[in-house]
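Participant: First the structure, which I've put down as structure tokens, then a few questions once you've had a look.
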Amino acid sequence: MASSGEQWWRDAVIYQVYPRSWADSNGDGIGDLPGITARLPHLADLGVDAIWLSPFYTSPQHDAGYDVADYRDVDPVFGDLAAFDRLAARAHELGLRVIVDIVPNHSSDEHPWFVEALASPAGSPERARYIFRDGRDGGTQAPNNWQSLFGGPAWTRVNEPDGKPGQWYLHLFDTTQPDFDWTNPEVRTELEDVLRFWLDRGVDGFRIDVAHGLVKADGLPDADLSHDRHADATALAPMWDQPGVHEIYRSWRRLTDSYATEGEDADRILCAEAWVLPAEALAKYVREDELHQSFNFEYLMTPWLAADQRATITHSLAQAEAVGAPQTWVLSNHDVVRHATRLGYPQTPGLQKIEGIGADDPQPDAELGLRRARAATAVMLALPGSAYLFQGEELGLPEATQLPDEARQDPTFARTNGTSVGRDGCRVPIPWEGGVPSYGFGPGDESWLPQPVEYGLLAADRQRHEPDSTLTLYQDLLRLRRELRLGRGALTWLDGFGDDVLAFRVESAKGAVIVLANLGSGEVPLPDGKTVLAGSLPRHHGAFVRTDETVWLRP
Ligand code: NOJ
Ligand code: CA
């Protein structure tokens, strides 16, 4: 059975819950599954279609759960399998689908397979599940020059069972995250079995961690280190976007398709986290027999400049369309600086930096950032395709840019000796209620990262039913998007509004909208006789679109 019914994912809006930081039920300062279940009505009210949960599996939490020790169980810090089942059941009751994270590139070093590998000799089948190699120069130097994305070398030397220094193992991320060897059929079988485990539990899909990293170039050749992983390098690097990954996803797609029920809109979906450029290369991941979605990170990194936005949107749509896939828009997630903060810096042509911000770095213009973030979201939610939201962006939360060093937990901070502050700033626990301890994140005042004071003012309860709040804006946009079925629409650019304005019409079988986003410095007159359906700035009285404002008009 291939995919069936309406293919709900083609225009779905999917909300990312980062379990550590969404809602804490027991007051230990770390979010958990019962906390999520209790807060799900917030998402039904918001009007999203699905949630994606970052990892909640058994893990020593060296990379906040992206280091999995048991793929088939829940870490006690988050709950247990019964708590997951209750979460999924409640979500489904509320009409929300549930997507979980699969981490197939690497496991935790506490995974039983890696423990066995260390206890077994070089050349053993236990070692062959990971990438162990002898070092260069008589074993003393790493097998190649690859660097960990979190800083430092991507290889660590082990002590052999006899206690002497021996082979090296590859870890593209932290030392505690050894990479699997995907040329080993045992790895393929095991990870497919993990997919089945969660599909049988009723999940609606998977977000695939580091989807472009599973296969490494034959012979593990040295990399050209002058390239940046987020820029134009992926096609050249021996660890990214190797052709062999596509066969893995064809097999996964056959698996998820076998779970679709004929005549029902019940597709189980696969979404790639693949930092791959250009858009042509990324589109390969969403060919008809591969994945359903792949995050458009090029869009996320595109500056708030009209020419850049227009170019990225145009070629992104064209590349996805060429393979019959929808685009997957995204502006924020748990690895990048929140867009309300990113956009509070001067915008320059070319892809923008997404790395964390520390107290010693230049600070953003918070008001400008939020104003532009609201405008950018109002553009994104009108675009054809699906969109992912990151928890807290509906509250307009800024990045926490002043976290004290001793609070930082992202391994990047330690591995780079603080040169790179890491990603904790976007992971700060959510404020639900202003004026109470931990802003309602949990029952007490514990919060695994300290919450900035301005989070109190932005708490969900302060924004609910407030006509001008960011939360109300998101609700309005999501409602209109659904009514007009904009995610299924077609986009046409409109002329006559000047170079600094993104002007387009999106039309579906259910209706149409004209979107005007003013990225210039002067006011732009609204066309005569059109009703404003929504606007990214409070109270749109005038006959103008203001700087950094987006309006939706009835054509
Ligand atoms: C991407 C995840 O989004 C990130 O949080 C994690 O650190 C790396 N993959 C490694 O799993
Ligand atoms: Ca907890």
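Participant: Between residue 465 and residue 315, what is the FRET efficiency for a Förster distance of 41 Å, r being their Cβ-Cβ separation, to the nearest 0.05?
Facilitator: Working: r = 40 Å, r/R0 = 0.98.
Using R0 = 41 Å, I get an efficiency of 0.55.
Participant: Also, quick follow-up: Could the peptides 439-445, 96-102 be put in order, highest first, of the mean number of other beta-carbon atoms found within 10 Å of their residues? Don't skip to the answer; put the middle values down first.
Facilitator: Details: 439-445: 20.3, 96-102: 22.9.
Per-residue Cβ counts within 10 Å, averaged per peptide and sorted highest first, yield 96-102, 439-445.
Participant: I've got another one for you. Filter 510/530; 216/353; 353/510 down to the pairs with a C-alpha to C-alpha distance above 29 Å, please.
Facilitator: Over 29 Å Cα-Cα: 353/510.
Participant: For region 489-554, what's the relative contact order in percent, using C-alpha pairs closer than 8 Å and at least 6 residues apart?
Facilitator: Answer for region 489-554 is 30 percent.
Participant: Got a sec? Charge dipole of region 202-343, +1 on Cβ for Lys and Arg, -1 for Asp and Glu; which of 279, 330, 304 is way out at the positive end?
Facilitator: Going by the charge dipole, the pick is 304.
Participant: Can you give the relative contact order of region 112-170 as a percent, counting alpha carbon pairs under 8 Å and 6+ residues apart?
Facilitator: Numbers: 90 pairs, mean separation 18.3, N = 59.
After rounding, I find 31 percent.
Participant: Something else about it: Could I get the Rg over Rh figure for region 489-554? Both from C-alpha atoms, Rh via Kirkwood, rounded to two places.
Facilitator: When Rh is taken as the Kirkwood radius, the ratio is 0.95.
Participant: Grab the DSSP H runs of the chain that are 4 residues or longer, score each as -39,500 (n - 2.57), total them, divide by all residues and round the 222 nm result to the nearest 500 deg cm²/dmol.
Facilitator: -7000 deg cm²/dmol
Participant: Further, regarding this structure: Where in region 470-555 are there GluC sites (Glu not before Pro) that are in a DSSP coil and have at most 15 other Cβ atoms within 10 angstrom of their Cβ?
Facilitator: Details: sites: 483, 507, 523, 549; in loops: 523.
When the GluC sites (Glu not before Pro) of region 470-555 are filtered for loop state and at most 15 Cβ neighbours within 10 Å, 523 remain.
Participant: Same structure, new question: Report for the chain the percent antiparallel among DSSP-assigned beta bridges with both residues inside it, nearest 5.
Facilitator: 60 percent
Participant: In debye to the nearest 20, how big a dipole does region 112-170 give about its Cα centre with +1 on each Lys and Arg Cβ and -1 on each Asp and Glu Cβ?
Facilitator: Using Cβ point charges on Lys, Arg, Asp and Glu, region 112-170 gives about 140 debye.
Participant: Amide H neighbours of residue 180 under 5 Å, counting only residues 5+ apart in sequence or on other chains, H built in-plane at 1.01 Å?
Facilitator: When sequence neighbours closer than 5 places are left aside, the close amide H contacts are 106, 107.
Participant: Next question, about the same structure. Roughly how many nanometres apart are two label points built 7 Å out from the Cα toward the Cβ at residue 540 and residue 218?
Facilitator: My value for the distance between the label points is 5.7 nm.
Participant: Do any trypsin sites (Lys or Arg not before Pro) in region 473-555 lie in a loop, going by DSSP, with at most 14 other beta-carbon atoms within 10 Å of their beta carbon, and if so which?
Facilitator: Hits after loop and neighbour filter: 510, 530, 539.
Participant: Find the relative contact order for the chain and round it to a whole percent, using C-alpha pairs within less than 8 Å whose residues are 6+ positions apart.
Facilitator: Relative CO of the chain lands at 14 percent.
Participant: Here is a follow-up. Give me the extension gain from residue 160 to residue 258: residue separation times 0.36 nm, minus the current Cα-Cα distance, reported in nm with one decimal.
Facilitator: Between residue 160 and residue 258, full extension yields an extra 30.9 nm.
Participant: Which of the listed residues, 440, 401, 259, is farthest toward the dipole's positive end in the chain, when Lys, Arg count +1 and Asp, Glu count -1 at the beta-carbon?
Facilitator: Towards the positive end, the residue furthest out is 259.
Participant: Give, rounded to the nearest 20 debye, the magnitude of the charge dipole that region 489-554 has about its Cα centre when Lys and Arg contribute +1 at Cβ and Asp and Glu contribute -1 at Cβ.
Facilitator: Approximately 380 debye in magnitude.
Participant: Distance between Cα centroids, region 261-306 to region 321-344: provide it in whole Å.
Facilitator: If you average the Cα positions of each part, the centres end up 11 Å apart.
Participant: With charges only on Cβ, +1 for K and R and -1 for D and E, what is the dipole size of the chain about its Cα centre, in debye, rounded to 20?
Facilitator: Values: 49 positive and 84 negative charges, 266 e Å.
So the dipole magnitude of the chain works out to roughly 1280 debye.
Participant: Apply the a/c threshold of 1.5 to the C-alpha gyration tensor of region 112-170 and tell me whether it is rounded, prolate or oblate.
Facilitator: It is oblate, given that a/c is not under 1.5 and a/b is not larger than b/c.
No value in this document is a laboratory result; all are computed from the given coordinates. Not measured: the values here are computed from a predicted model. We place every Cβ from the backbone using ideal geometry, glycine too, and count neighbours over all the protein chains shown.
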